[in-house]
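The values are calculated or read from the model by the stated rules, or taken from the named source; none is laboratory data. Treat the numbers as computed from the prediction; the structure is a model and nothing was measured. Counting neighbours? That spans all protein chains shown, and the Cβs are built from the backbone with ideal geometry, glycine included. Calculation scope for accessible area: heavy atoms of the full protein, side chains included, ligands and nucleic acids excluded. Shrake-Rupley method; radii C 1.70, N 1.55, O 1.52, S 1.80 Å.
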Amino acid sequence: MASGKPVVRQVAWISMIPQLAVMIILIVVCSMLIKPYELASCIAMVIYLSASLLLRNLIPHNHRSGMRLVRSGNYEQAISEYEKSYAFFSEHEWIDKYRFITLLSSGRMTYKEMALVNIAYCYTQIGDGRRAKEYYEKTLQQFPDSEMAKSALRMLNSVSNAENSAE
């Protein structure tokens, strides 16, 4: 079900290694406790998937709420949710830093970076280019390699330059 809103999911493939290790450990533990092996493997995978869904839905709940609000076009409320997400992951940086284990997430972008970029995106959608630019610049201050912030900032600057030269 496409929402018409841009979504980018970059995967940090190296983070899959610890996740595979967690899966293997679950399979070994379950196979020691449960026979036959096939049943143990299935139970281990169900445990892993359940934990993954639970962690991704409970911990970054403000981020997910912001995503739902963006899909429905409610950008002002989405900004508030992304700000809460940014505050949470700023306070608990270790969760974000080790998200490949703490959230079983293999996303390349941190939740803090995503929150800042999403806030900026929401400001562009409500027509506040100045605030959007501020948040993209803030993103680049904290995450200098953020390609999303760089390209969005270039686009905002080119639109601004085009408007200034048209006047």
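Across the range 107-125, a minimum of one residue is classified as small (Gly, Ala, Ser) and either in contact with a Cys (Cβ under 8 Å, 6 or more places away or on another chain) or touching a residue at least 60 places away in the same chain (Cβ under 8 Å) (or both). Just one of the listed residues (Ser106, Ser146) is within 30 Å of Leu49 (Cβ to Cβ) and not hydrophobic (A, V, I, L, M, F, W, C), namely Ser106. Against the condition closer than 25 Å to Ile14 by Cβ and charged (D, E, K, R), how does Arg68 come out, does it pass? No, not satisfied. Scanning the range 11-41 for residues that are more than 29 Å from Asp96 (Cα to Cα) and not small (Gly, Ala, Ser) turns up Met32, Leu33, Ile34, Lys35, Pro36, Tyr37, Glu38, Leu39. Residues that are over 23 Å from Tyr121 (Cβ atoms) and aromatic (Phe, Trp, Tyr) within the range 74-102 comprise Trp94, Tyr98, Phe100, listed in sequence order.
Highlighted here are the helices (runs of 4 or more DSSP H) found entirely within the range 24-95 that include at least 3 residues which are without any contact (Cβ under 8 Å) to a residue 40 or more places away in the chain, under 19 Å from Gly107 (Cα atoms) and open to solvent by 50 Å² or more (accessible area, probe 1.4 Å): 37-58, 61-71.
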